[in-house]
Amino acid sequence: MFAGHLFPTVSSTAMWTAIALAYHVVSRLAYVVGVGVALTRQDRHQVFTRRHGIEPGFLRFRRLASFVMNNDAVSFVVLCLVTRQTLPGESPLLIRSGAGLLFIFIGLSTKLWAAARVGHAAYYWHNFFVPIPPVPLDPPGPYRYLKNPMYTVGYLHAYGFALLVGSGTGLIAAAFDQMAILVFNQMVERPHFMRLTRPAPKL
């Protein structure tokens, strides 16, 4: 009788973990691959602006990107909550919670500070739609200290939330998410910025 009650519980937990993990992986790939492909096509073929113009085309892209990015964030929270209290070993709750809250504060503060410096439009890759070289930030904010604050220190909040709820799977997902966005930066954003800042050929 006891085993009959135990196994459905274990199976149900594993099932919900698998669903939440699949949901998050698909959401993250939709973010880095989907948005990456959309930006690359805009960069090369102006798929958003050729028919609708620059600002309307950018607004169409921003609505799409905003939905994908918000869904990605929701999927991470869901994964952490479904897999809460699964950290291996005995970690004191006070220390774990304190570290989690500190990471959340540092990560979100850095990301918001960086977003405030580059502006709301640049946060959604506006320079892919108006191809002008980026101007120096004045004041530079966190860019004075970090080359890419949004994708480095700005990701600490993901690790912090996973720590706060005690999700070992969430910590792994946070590392996966950060590696994915760094690959996105290397393959999509960096080549675009290099083209924008490349000196014009001499005639």
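Before I look further, what does the chain give for accessible area per residue, probe 1.4 Å, in whole square angstrom?
On the way: 12390 Å² over 203 residues.
Using a 1.4 Å probe on heavy atoms only, each residue of the chain averages 61 Å².
Take the Cα of Asn70, step 7 Å along the line toward its Cβ, and report every residue of segment 8-39 whose backbone nitrogen sits under 14 Å from that point. Counting only backbone N, you get no residues.
Computed about its Cα centre, the charge dipole of the chain is approximately 800 debye, with only Lys, Arg, Asp and Glu carrying charge at their Cβ.
If you sort the three axes of the alpha carbon gyration tensor as a ≥ b ≥ c, you get a/c of 1.5 or more for segment 1-118 and a/b no higher than b/c, which makes it oblate. Over all Cα atoms in segment 75-185, the spread is summed up by Rg and Dmax: 16.2, 53 Å. Against the criterion of solvent-accessible heavy-atom surface with a 1.4 angstrom probe, Ser167, Ser91, Ser66 sort, most first, into Ser91, Ser66, Ser167.
Among the chymotrypsin sites (Phe, Trp or Tyr not before Pro) found in segment 145-197, those both in a DSSP coil and sparsely packed, with 16 or fewer other Cβ atoms within 10 Å of their Cβ, are Tyr145.
The values are calculated or read from the model by the stated rules, or taken from the named source; none is laboratory data. Just so it is clear, the model here is predicted, and its values are computed rather than measured. Here the Cβ is made from the backbone with ideal geometry for all residues, glycine too, and neighbour counts use every protein chain on show. Note: areas computed on protein heavy atoms with side chains; ligands, DNA, RNA excluded. Shrake-Rupley method; radii C 1.70, N 1.55, O 1.52, S 1.80 Å.
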